[in-house]
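To start, the structure itself, in structure tokens.
The values are calculated or read from the model by the stated rules, or taken from the named source; none is laboratory data. Small disclaimer: the values here were computed from a predicted structure and weren't measured. Using ideal geometry, Cβ is built from the backbone for each residue, glycine included, and neighbour counts are taken over all protein chains shown. For accessibility, only protein heavy atoms count, side chains too; no ligands or nucleic acids. Shrake-Rupley method; radii C 1.70, N 1.55, O 1.52, S 1.80 Å.
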Amino acid sequence: MIPISKPQIGEEEKRAVLEVLDSGQLAQGPKVREFEEAFAAFCGVRHAIATSSGTTALVTALLAHAIGPGDEVITSPFTFVASANSILSVGARPVFVDIDGRSYNIDPDLIEDRITPRTRALLPVHLYGNPCNMDAIVEIAERHGLAVIEDACQAHGAAIRGQRVGSYGTGCFSFYPSKNMTTAEGGMITTNDETIAERARLIRNHGQSQLYLHQTMGYNFRMTELQAALGLVQLRKLPSWTQKRIENAAYLSHRLSNVVTPQVSEGYLHVYHQYTVRIAHDRDGALERLNQAGIGARVYYPLPVHQQPLYRQLGFQDSLPVAETASQEVLSLPVHPALSEEELDKIVSEVSKL
Ligand SMILES: Cc1ncc(COP(=O)(O)O)c(C=O)c1O
């Protein structure tokens, strides 16, 4: 089977982890700080705060913006459930706005209709590694005095005219093994706002400003030194992996003619966490045939968040037709940097037979 994702762990990563094990400093320390500085520089922001996962990055970011019970946060229904669950987990209510069917990202034209006096933040998701329309989103947020929290968990290095995602608002990244770079589990918050950065650092570590002095409510959402050591090596390799993902995506798009291939806006850098095509007729049959032929195609995501059993139980009754249709028609194909030309050709040949 050609897998949909493949973590790239080399000798350098192994050495870096072993060095940490030998050092005796295992929990959050100097490696975490070094990784934070490197990641902040990579995103072009002043501060980065490492966390235990992308989910805890999102929760910490929401709490740092003082979002809680009674507040509403506008987000996409077409995403991994963590984007919306993080909003629920701080006691706020996600408000779902439909996507545009070309980028699969939240449609900025539909946002303003859903803003109420309770709205506190916009939480766009850069799905599949393709940036949301941040010019429009930031403009709406500024006009209504809302925070912007970017779910960039799938979009390390994605950019619009050179400005990287995670630098438009408060960015949240994941380093889960399937992501474009990994620390096994792990996450990162990015921001230019000193106050948000300081609050996020406190929340991630039991509100502790100095040893056993606790200023605010907080949690143990810390990253370990082992994860940070892995992350530092992976971050150095990320640009060449991203380049390979973009080349693989171009290779597929030039050769596939019977499916709708990904569309990228002018000036946008899509980092192809997923290479997602659209198949209007019998997507599920196509998925099965590809899997049987040894192509690890997957569907992200077969059920939009507002239709998940949890959200139905909570009373969400939205009708979001573009997201609902996309969930029936999308199919992601392997695009990861370890693919060989033979594997790419096999993907092309099997998809062309559909
Ligand atoms: C869009 C999105 N948001 C949030 C998350 C949560 O990240 P994590 O799995 O690291 O908690 C993920 C990844 O799994 C994701 O893809």
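Take residues that are in contact (Cβ under 8 Å) with a residue 12 or more places away in the chain and tell me which of the strands (runs of 3 or more DSSP E) falling wholly in the stretch 163-259 contain 2 or more.
170-174, 187-191
Looking at the structure I just gave you, is P69 open to solvent by 50 Å² or more (accessible area, probe 1.4 Å) and within 16 Å of the ligand (Cβ to nearest atom)?
Against the criterion (open to solvent by 50 Å² or more (accessible area, probe 1.4 Å) and within 16 Å of the ligand (Cβ to nearest atom)), P69 does not qualify.
So which of A48, A64, A84, A57 ends up being more than 16 Å from the ligand (Cβ to nearest atom) and either buried (at least 24 other Cβ atoms within 10 Å of the Cβ) or hydroxyl-bearing (S, T, Y) (or both)?
After ruling out the rest, the residue left standing is A64.
Does the stretch 141-148 include one or more residues that are within 15 Å of the ligand (Cβ to nearest atom) and not basic (K, R)?
no
Take G166 and tell me if it is more than 25 Å from T79 (Cα to Cα), surrounded by 16 or more Cβ atoms within 10 Å (Cβ to Cβ) and modelled with pLDDT of 95 or more.
no
List every residue pair whose Cβ atoms lie under 9 Å apart, where the two residues are 6 or more positions apart in sequence or sit on different chains, the first residue falls within the stretch 139-152 and is farther than 16 Å from A64 by Cβ and among the β-branched types (V, I, T), and the second residue, located anywhere, is away from the ligand (no atom under 16 Å from the Cβ) and in a helix (DSSP H, G or I).
Close Cβ pairs (under 9 Å, with a partner that is away from the ligand (no atom under 16 Å from the Cβ) and in a helix (DSSP H, G or I)) amount to I140/P108; I140/E112.
Any chance you could count how many residues in the stretch 101-132 are of a type in the set (A, V, I, L, M, F, W, C), farther than 11 Å from L146 by Cβ and away from the ligand (no atom under 16 Å from the Cβ)?
Summing the residues that are of a type in the set (A, V, I, L, M, F, W, C), farther than 11 Å from L146 by Cβ and away from the ligand (no atom under 16 Å from the Cβ) in the stretch 101-132 gives 1.
State which residue pairs qualify: first residue open to solvent by 50 Å² or more (accessible area, probe 1.4 Å) and inside the stretch 303-320, second residue hydroxyl-bearing (S, T, Y) and in a helix (DSSP H, G or I) in any location, beta carbons under 7 Å apart, and separation of 6 or more residues or different chains.
L303/S327
Can you tell me which residue is farthest from A40 (Cα to Cα) among those in the stretch 164-179 that are in contact with a Gly (Cβ under 7 Å, 6 or more places away or on another chain) and of a type in the set (S, T, N, Q)?
Within the stretch 164-179, the match that is farthest from A40 (Cα to Cα) is S174.
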